[in-house]
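Participant: Sending over a structure as structure tokens; questions will come in a sec.
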Amino acid sequence: MPHRRILSLWFPRLGAERLIRMERGTFDAPLAVLRDTGQMQVISSLNVQAEAEGLELGQPLRDAQAVCPGLITRLQNVQAEAGFLAVLRRWAGKFSPWVAEEEPSALVIDLTGCAHLFGGEAGLLTQVEQDCGDLGLTVRLGIADTLGAAWALARFAEQPAGEMLHRSGDDIAQEARATRSRAVKRRHWTRGGTPPQKATAEARAGRIAPVGKTRSALAELPVAGLRLDAATQGELARLGLRKIGDLTGQPRAGLTRRFGKGLVLRLDQALGSQPEPVSPAADRPVFAVRMTLPEPIGLEADVLAGVERLLPPLCERLKERGQGARVVRLQVFRADQTMQWVDVGLARASDDPERIRPLMRMKLEEIDAGFGIDMLRIEAVRVEPVHTRRVTGHLDAGRAVAERLAAGHALDDLVGRIGARIGLEQITRRHPASSHIPEKGAQTLHAAWSEPFREAWPQVSIPRPILLWRPEVVQAPDVPRLTGPFRWRGRDMETQDAVGPERIAPEWWLDEPEWRSGVRDYWRVTCTNGERLWLYYAHGGAMSSGWFCQGSFA
């Protein structure tokens with residue numbers, strides 16, 4: 001059985017290099033990607049030139065501009081970066097089917113039984129570096145028996161031994177800017193100069209931990225390679241524990257008492273004492289079609305014509321997979337490189353273009369064509385299985401079933417059209433519920449995600465009020481029978497007739513806060529002013545007794 005081997009890929013400049021790829025390499029100046037923290041904008045990613053100027057991740061924008069006045073800045077697009085990482089995950093599937101994303105800028109690959117296909121682990125690293133170089137991406141790699149060890153090697157194996165481990169943070173901060181500037185200028189080259197030397201075999205071997213040699217491979221790496229938080233790293237540094245090798249010989253009980261279980265867990269995961277599997281992300285099927293236009297369009301009729309051409313092939317793809325669309329998204333790409341989209345929801349999953357087209361037509365007025373639309377894209381962003389209904393039985397029974405199904409489609413279309421205006425979540429329907437509690441006698445369901453109740457509504461022997469509300473306090477004598485005047489909603493009421501009582505007890509298996517006043521005796525009270533109210537007397541329990549009003553009759 002092959003030994004388990006894990007490859008960690010870290011893209012330290014993913015955010016900046018994604019933008020450089022989009023601009024086709026036109027960024028020939030320091031570039032910084034900014035993250036908005038709510039109070040300030042800080043750097044989340046840098047390109048090579050920006051690092052050469054001494055800029056750092058997490059640095060505020062105002063400080064970075066003071067150091068580098070010619071800095072080009074772009075705001076971070078977290079969704080776009082996550083999508084780019086997903087694209088890289090699919091690319092990494094060429095090396096192994098077990099690939100997982102490690103947000104925000106890394107991949108983890110289970111190489112067990114796969115490395116020999118690329119000439120061994122060293123040959124595989126060479127292939128990965130070559131592919132990433134062709135993509136214009138900076139990558140750092142590490143291979144080990146465990147995920148934690150591979151993570152540490154990818155980020156710290158190329159660090160000069162002993163240079164960053166035996167100095168304080170102040171010393172590092174004083175020299176980091178100048179050292180980084182000189183190092184970057186040595187590493188990178190411009191066209192016409194001397195090209196950089198490829199990684200030597202010795203350097204590449206330092207990123208590969210031999211099988212069964214994880215402990216020795218990690219011994220000289222800093223404790224940051226254990227994926228610890230900054231506070232724990234600082235506390236370890238103050239105690240002189242700067243390398244992973246300084247921790248491996250320490251008693252686990254002492255480390256747990258001093259630093260908590262997190263440190264011991266990360267250490268055991270890196271050394272293989274605790275399992276840490278690689279969970280590959282499953283690729284969900286994408287149901288989407290697009291149309292690139294030879295000339296930009298701007299009329300609503302032209303957009304609708306494009307939608308009518310795109311819906312049939314989209315529905316064919318849905319039918320092939322036995323799926324129906326619940327939410328369909330129309331994306332319009334404008335000539336000025338901007339994009340707008342609208343979503344339509346269906347009351348029932350459908351693969352029929354005739355049911356989607358009217359909803360799309362209602363949403364077209366929300367689209368701003370701008371300088372013109374040069375591409376249309378339609379995607380079923382949420383799908384559900386669709387089961388084919390079969391009509392069996394005698395002729396009359398089959399006709400009745402067909403009519404009922406047709407009526408159901410008409411109601412679903414109505415719900416879909418109204419939902420396109422006000423939102424599907426705003427449309428509800430009532431179903432009877434199995435409870436003797438008045439306020440729980442019916443349940444409210446979303447019409448788009450429920451079937452109509454087609455049977456007769458359950459009848460009760462005692463009349464129920466037309467309007468029902470939360471219990472409101474009634475000022476009346478604290479006795480079980482109401483015979484005289486009472487005060488409710490700031491008004492003095494006089495009792496003309498009272499029919500009851502109807503005793504209702506709470507559901508003992510549930511802790512209902514509204515029913516902590518104990519059993520209730522309900523009365524149908526007719527007042528002298530003609531109002532008919534539904535009052536009850538609570539006999540008391542966890543709360544005191546008293547009179548309450550909960551509804552009114554017609």
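Participant: Just name the residue that is nearest to Val128 (Cα to Cα) out of those in region 216-231 that are out of contact with any helix residue (DSSP H, G or I) (no Cβ under 6 Å at 6 or more places or on another chain) and part of a helix (DSSP H, G or I).
Facilitator: Taking the candidates together, the pick is Ala217.
Participant: Is there a residue in region 485-504 that is in contact with a His (Cβ under 9 Å, 6 or more places away or on another chain), surrounded by 13 or more Cβ atoms within 10 Å (Cβ to Cβ) and at pLDDT 80 or above?
Facilitator: Yes, region 485-504 contains a residue that is in contact with a His (Cβ under 9 Å, 6 or more places away or on another chain), surrounded by 13 or more Cβ atoms within 10 Å (Cβ to Cβ) and at pLDDT 80 or above.
Participant: Of the residues Ile367, Ile297, Ile373, which is in contact with a Pro (Cβ under 8 Å, 6 or more places away or on another chain) and farther than 25 Å from Leu411 by Cα? Give the steps one after another, and end with the answer.
Facilitator: On the way: Ile367 fails: in contact with a Pro (Cβ under 8 Å, 6 or more places away or on another chain); Ile297 fails: in contact with a Pro (Cβ under 8 Å, 6 or more places away or on another chain).
Of the residues listed, the single one that is in contact with a Pro (Cβ under 8 Å, 6 or more places away or on another chain) and farther than 25 Å from Leu411 by Cα is Ile373.
Participant: Report, by residue number, each residue of region 518-545 that is over 22 Å from Ala505 (Cβ atoms) and loosely packed, with under 15 Cβ neighbours inside 10 Å.
Facilitator: Result: Thr528, Asn529, Gly530, Glu531.
Participant: Let me ask something additional. Does Ser8 satisfy being in a strand (DSSP E or B) and in contact (Cβ under 8 Å) with a residue 40 or more places away in the chain? Give the steps one after another, and end with the answer.
Facilitator: On the way: in a strand (DSSP E or B): yes; in contact (Cβ under 8 Å) with a residue 40 or more places away in the chain: yes.
Judged against the criteria, Ser8 is a match.
Results for (1) at pLDDT below 75; (2) surrounded by 14 or more Cβ atoms within 10 Å (Cβ to Cβ), shown as yes or no for each residue.
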residue	(1), (2)
Ile437	no, yes
His446	no, yes
Ser450	yes, yes
Ser461	yes, no
Pro477	no, no
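Participant: Something else about it: Is there a residue in region 21-33 that is in contact (Cβ under 8 Å) with a residue 60 or more places away in the chain and within 28 Å of the chain's Cα centre (by Cα)? Give the derivation first.
Facilitator: Step one: of region 21-33, the residues in contact (Cβ under 8 Å) with a residue 60 or more places away in the chain are 21, 25.
Subset that is within 28 Å of the chain's Cα centre (by Cα): 21.
Within region 21-33, one or more residues are in contact (Cβ under 8 Å) with a residue 60 or more places away in the chain and within 28 Å of the chain's Cα centre (by Cα).
Participant: Taking interchain pairs and intrachain pairs at least six residues apart, which have beta carbon atoms under 7 angstrom, with the first residue in region 439-454 and in contact (Cβ under 8 Å) with a residue 40 or more places away in the chain and the second assigned to a loop (DSSP other than H, G, I, E, B)?
Facilitator: Taking only residues 6 or more apart or on different chains, the pairs are Ala447/Ile427; Ala448/Ile427.
Participant: Now for a separate question. Somewhere in region 23-33, is a residue surrounded by fewer than 19 Cβ atoms within 10 Å (Cβ to Cβ) and not in a loop (DSSP other than H, G, I, E, B)?
Facilitator: No - not one qualifying residue is present in region 23-33.
Participant: With respect to Gly370, determine if the residue is assigned to a loop (DSSP other than H, G, I, E, B) and either surrounded by 14 or more Cβ atoms within 10 Å (Cβ to Cβ) or of a type outside the set (S, T, N, Q) (or both).
Facilitator: Working: assigned to a loop (DSSP other than H, G, I, E, B): yes; either surrounded by 14 or more Cβ atoms within 10 Å (Cβ to Cβ) or of a type outside the set (S, T, N, Q) (or both): yes.
The answer is yes for Gly370.
Participant: Would you call Val48 surrounded by fewer than 17 Cβ atoms within 10 Å (Cβ to Cβ) and within 16 Å of Val139 (Cα to Cα)?
Facilitator: So Val48 does not fit the description; no.
Participant: Then there is this: Any residue that is of a type in the set (S, T, N, Q), more than 30 Å from Gly148 (Cα to Cα), in a strand (DSSP E or B) and free of Cβ contacts under 8 Å to residues at least 40 places away in the same chain - is there at least one of those in region 61-84?
Facilitator: Within region 61-84, not a single residue is of a type in the set (S, T, N, Q), more than 30 Å from Gly148 (Cα to Cα), in a strand (DSSP E or B) and free of Cβ contacts under 8 Å to residues at least 40 places away in the same chain.
Participant: Any chance region 239-250 includes a residue that's under 24 Å from Gly142 (Cα atoms), touching a residue at least 60 places away in the same chain (Cβ under 8 Å), of a type in the set (D, E, K, R) and not assigned by TED's automatic domain parsing to the domain that holds Gly142?
Facilitator: Checked against the condition, which is being under 24 Å from Gly142 (Cα atoms), touching a residue at least 60 places away in the same chain (Cβ under 8 Å), of a type in the set (D, E, K, R) and not assigned by TED's automatic domain parsing to the domain that holds Gly142, region 239-250 yields at least one hit.
The values are calculated or read from the model by the stated rules, or taken from the named source; none is laboratory data. Everything numeric in this text was worked out from a predicted model, so none of it was measured. No Cβ is skipped: glycine too gets one built from the backbone with ideal geometry, and neighbour counts run over all protein chains shown.
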